[in-house]
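Visitor: The structure that follows is given in the form of structure tokens.
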Amino acid sequence: MLTGLTALWNRVFAFLGRISMYRVVYLALATLAVIALVLSLFGQVGPSPLELIVTLVVLSAVCVGVDAAAQRVLHLPWRLESSLITAHILLFVLRPSLEIAALGGIVIAAAAASLSKYLLAWRGRHIFNPAAVGATVLTLLSLVWPSLGASAWWVGTPAMAAPVILLGVAVLWRTEKIRVVAVFLIVAMMVAVLRTASQLQAQGGQIESGDVWQLFLSSPFLFLGAFMLSEPLTLPPRRWQQFTVAGIVGVLAGWPIPVGDISLGQERALLIGNLVAFAFAVRTAVRLTLASRAERTPTVKELTFRVHDRLSFVPGQYLELEVPHSHPDARGTRREFSIASAPEDLPLLRVAFKESTSSKPQSSFKKALAQVDEGERLAITGVWGDFVLPKRESAPILMVAAGIGVTPFVAQLRHARAAGQERDIVLVYVASDASELAYRADLEESGVPVIVFTRDRPADLPSHWTWAQGVRLDAQGLLRVVPDIASRHAYISGPAGLIADLAPALERARSITTDAFSGY
């Protein structure tokens, strides 16, 4: 069972990974808007077809216009998808209308949402979810001018539940936030059920199973979790921190707390969660300059940066590097890189990437990265990930790296050596040929046994290195070279397809932690 789930997860992730995260979100929201329009033709949702169309046009125009103006002033690249994502989220959160005053309120909400990306940001990182800011601003203004309208969350209706679930799962699969949003949904529903039960009890009634199901289908929790809480730029680095934020938002969303004439409803609950997340992540958004470039293999390039702010990370985590450039392609101006250096190496920080050897054109990001000069300043928008070794140093570890996937293990082994840790580690390293074994010197200095899978035999192998010769790295091959896998905690970093292929062997390990990537 575990084998099938691991393989399925990674094959789907490999497919979705071909599309940028922002494009997956936009396509999901656009599809949801079309579905809502069709449902409105049959009276299955509150807004009319014309109200939906006019409201979306107004939202898109304002979000695109404000973003374009702000990005021009700040000399930032134009991100059309980001603008359209904000507009589509607001479409489902606000109350669509054809009235002039209400459309004025929609304009205000859209402008506030877009401006928050630049005014309420820290070193390229959003402090608050933009759509939640826009909806909250409009709700506060409606206390003085009710005709402006307020947030409505009309997306929370049984007719929209199935599309939101299906499209939301695609988004969460791509962003790897299914577990985090599941925690939010469980907490929110439990609290909402308790609130409903107490209200019914006060009226002399009691809650029934049908009421719980109706509450789930009619709540905005599904949309809030899948399309807003999951936003990476407003989440903290570690999973336990993300679970904490999800729990806080779940409690506040499930039982809105009255504050004067308004309540801490859905978007306000999210804003509080965003603030907690920012407190966790404030030391992961930093400025740095490029110190040097190096060639680790014929295709693997290394970048060394000098960090100018306090940076906190755990070996095995990854960062998101932003390289602003004109006319970015669909993959945008940000990329994720595993950190290849240890915390002890700071203020120097290393990342590596593989250059394409095919005839396929390089992404605009890689072209821009190649043009960054030494001394030029860039920014890390955040550090994330739970691909970290057990705290118990006596736990036996199996590391499986494919190509550039060795970088998080390099960081972990450098840290263990610097900290004087003595861990029982075996590294299985897969590369196309011996010349593509990156960071060989670092791995040799660590002293851990390394089993190499390459077409040709590497020269001058250390005594603790083994060439697998003709063994193929599939599930059976892994079991053959690591016969004690059942006693080890397995960590695998590489293409999602490889992780899926090795699933039958990995399931025998004491635990499995994966770091899948889909390329650039």
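Visitor: So what is the relative contact order of the stretch 286-384, in percent, for Cα pairs below 8 Å that sit 6 or more residues apart?
Guide: It rounds to 40 percent for the stretch 286-384.
Visitor: For GLU393 and HIS325, what does the FRET efficiency come to when R0 = 56 Å and r is the distance between their Cβ atoms, rounded to the nearest 0.05?
Guide: Computed FRET efficiency for GLU393 and HIS325: 0.85.
Visitor: Between ALA70 and THR466, what is the FRET efficiency for a Förster distance of 60 Å, r being their Cβ-Cβ separation, to the nearest 0.05?
Guide: Values: r = 56 Å, r/R0 = 0.94.
Rounded to the nearest 0.05, the efficiency is 0.60.
Visitor: Run down the lysines and flag those whose C-alpha is under 24 Å from the C-alpha of LYS177, throwing out any fewer than 8 positions away in its chain.
Guide: Partners found: LYS117, LYS391.
Visitor: In addition: Stretch GLN199-SER511 to full length: gain in nm at 0.36 nm per residue minus the Cα-Cα span?
Guide: 107.9 nm
Visitor: Give the percent of DSSP beta bridges with both residues in the chain that are antiparallel, rounded to the nearest 5. Before the final figure, lay out each step's value.
Guide: Numbers: 34 of 59 bridges.
Of all bridge pairs located within the chain, approximately 60 percent are antiparallel.
Visitor: To the nearest Å, what is the center-to-center distance of the stretch 265-319 and the stretch 121-149, using C-alpha atoms only?
Guide: If we compute the Cα centre of each part, the gap is 27 Å.
Visitor: How do HIS415, HIS75, HIS464, HIS325 line up, fewest other C-beta atoms within 10 Å first?
Guide: Numbers: HIS415 19, HIS75 7, HIS464 12, HIS325 16.
Starting with the residue having the fewest Cβ neighbours, the order is HIS75, HIS464, HIS325, HIS415.
Visitor: Arrange the following residues from fewest to most other Cβ atoms within 10 Å of their Cβ: TRP153, TRP240, TRP467. Working shown, then result.
Guide: Working: TRP153 19, TRP240 10, TRP467 16.
Fewest to most other Cβ atoms nearby, the residues stand as TRP240, TRP467, TRP153.
Visitor: Could you pull out every residue, at least 5 positions away or on a different chain, whose amide H is within less than 5 Å of the one on TRP465? Hs are placed 1.01 Å off N in the peptide plane, and Pro or chain starts have none.
Guide: VAL450
Visitor: Under the rule of -39500 (n - 2.57) per DSSP H run of 4 or more residues, summed and divided by the residues of the chain, what mean residue ellipticity at 222 nm is obtained, to the nearest 500 deg cm²/dmol?
Guide: Only helices count here, giving -15000 deg cm²/dmol.
Visitor: Right, another one. Find out how many positive minus negative residues lie around VAL73, taking Lys and Arg as positive, Asp and Glu as negative, among other residues whose Cβ is under 15 Å from that of VAL73.
Guide: Net charge around VAL73: +2.
Visitor: Then there is this: Applying the Karplus parametrisation 6.51 cos²θ - 1.76 cosθ + 1.60 with θ = phi - 60° to the phi angles of the stretch 397-411, what ³J(HN,Hα) value in whole Hz is obtained for each residue in order, glycine and proline being reported as x?
Guide: Using θ = phi - 60°, the values come out as 10, 10, 10, 10, 10, 10, x, 5, x, 6, 4, x, 6, 4, 4 Hz.
Visitor: Go through 246-252, 288-294, 57-63 and give me the packing order, highest mean Cβ count within 10 Å leading.
Guide: So the peptides 246-252, 288-294, 57-63, ranked by packing, come out 246-252, 57-63, 288-294.
Visitor: Another question about this same structure. Quick one: Karplus J couplings for the stretch 488-503, per residue in order, coefficients 6.51, -1.76, 1.60, θ = phi - 60°, nearest Hz, x for Gly and Pro?
Guide: With coefficients 6.51, -1.76 and 1.60, one gets 10, 8, 8, 10, 10, 10, x, x, 4, x, 5, 4, 5, 5, 8, 3 Hz.
Visitor: Residues with beta-carbon under 15 Å from that of ALA132, excluding ALA132: net charge, scoring Lys, Arg +1 and Asp, Glu -1?
Guide: Overall, the nearby charge balance is 0.
Visitor: Tell me, in nm to one decimal, what length is gained between ALA162 and ASP386 on full extension, where the rule is 0.36 nm per residue of separation less the Cα-Cα distance? Don't skip to the answer; put the middle values down first.
Guide: Details: separation 224, 0.36 × 224 = 80.64 nm, distance 3.09 nm.
Using 0.36 nm per residue and subtracting the Cα-Cα distance, I get 77.6 nm.
Visitor: With θ set to phi - 60°, apply the Karplus curve 6.51 cos²θ - 1.76 cosθ + 1.60 along the stretch 336-350 and write out the HN-Hα couplings as whole Hz, x wherever there is a Gly or Pro.
Guide: Rounded to whole hertz, the list is 9, 10, 5, 7, 9, 10, 8, x, 5, 7, 4, x, 8, 9, 10.
Visitor: Excluding same-chain residues fewer than 8 positions from LYS301, which lysines have a Cα within less than 19 Å of its Cα?
Guide: Cα-Cα hits under 19 Å: LYS354, LYS360, LYS366, LYS367.
Visitor: A follow-up question, please. In nm, to one decimal, how far is the modelled label at LEU80 from the one at ARG179, with both set 7 Å along Cα→Cβ?
Guide: Here the answer is 3.8 nm between the modelled labels.
Visitor: Here's another thing I want to ask about it. If you place +1 on the Cβ of every Lys and Arg, -1 on the Cβ of every Asp and Glu, and leave all else neutral, what size is the dipole of the chain about its Cα centre, to the nearest 20 Debye?
Guide: Working: 45 positive and 39 negative charges, 57 e Å.
Roughly 280 debye, rounded to the nearest 20.
Visitor: Could I ask something else about it? For Cα Rg over 2.2 N^0.38 Å, several values are listed as (1) 1.05; (2) 1.20; (3) 0.92; flag the one computed from this structure.
Guide: (1)
Visitor: With a cut-off of 19 Å, note down the residues of the stretch 122-159 whose backbone N falls inside the zone around a label point 7 Å from the Cα of LEU41 toward its beta carbon.
Guide: Those under the cut-off are 159.
Visitor: Here's another thing I want to ask about it. Rounding to the nearest 10 and keeping the result within 0 to 90°, find how far the Cα-based axis of helix 158-175 lies from the longest principal axis of the chain.
Guide: Helix 158-175 sits at roughly 30 degrees to that axis.
Visitor: Amide H of ARG95 versus every other amide H placed in the peptide plane: which residues, excluding those fewer than 5 positions away on the same chain, fall under 5 Å?
Guide: Excluding prolines and chain starts, which carry no amide H, the hits are ALA150, ALA152.
Visitor: Report, to the nearest 10°, how far helix 80-93 tilts away from the longest principal axis of the Cα atoms in the chain, using its own Cα long axis and a range of 0 to 90°.
Guide: Tilt of helix 80-93: around 40 degrees.
Visitor: Please give the helix 266-281 orientation as an angle from the longest Cα principal axis of the chain, in degrees from 0 to 90, rounded to the nearest 10.
Guide: 30
Visitor: Using 1/(1 + (r/R0)^6) with R0 = 51 angstrom and r between the beta carbons of ALA370 and GLU422, what's the FRET efficiency to the nearest 0.05?
Guide: Numbers: r = 40 Å, r/R0 = 0.79.
It comes out at approximately 0.80.
Coordinate-derived values only; no laboratory data. Everything quoted here is computed from the prediction, not taken from an experiment. Glycine gets a Cβ as well: all are built from the backbone with ideal geometry, and neighbour counts include every protein chain shown.
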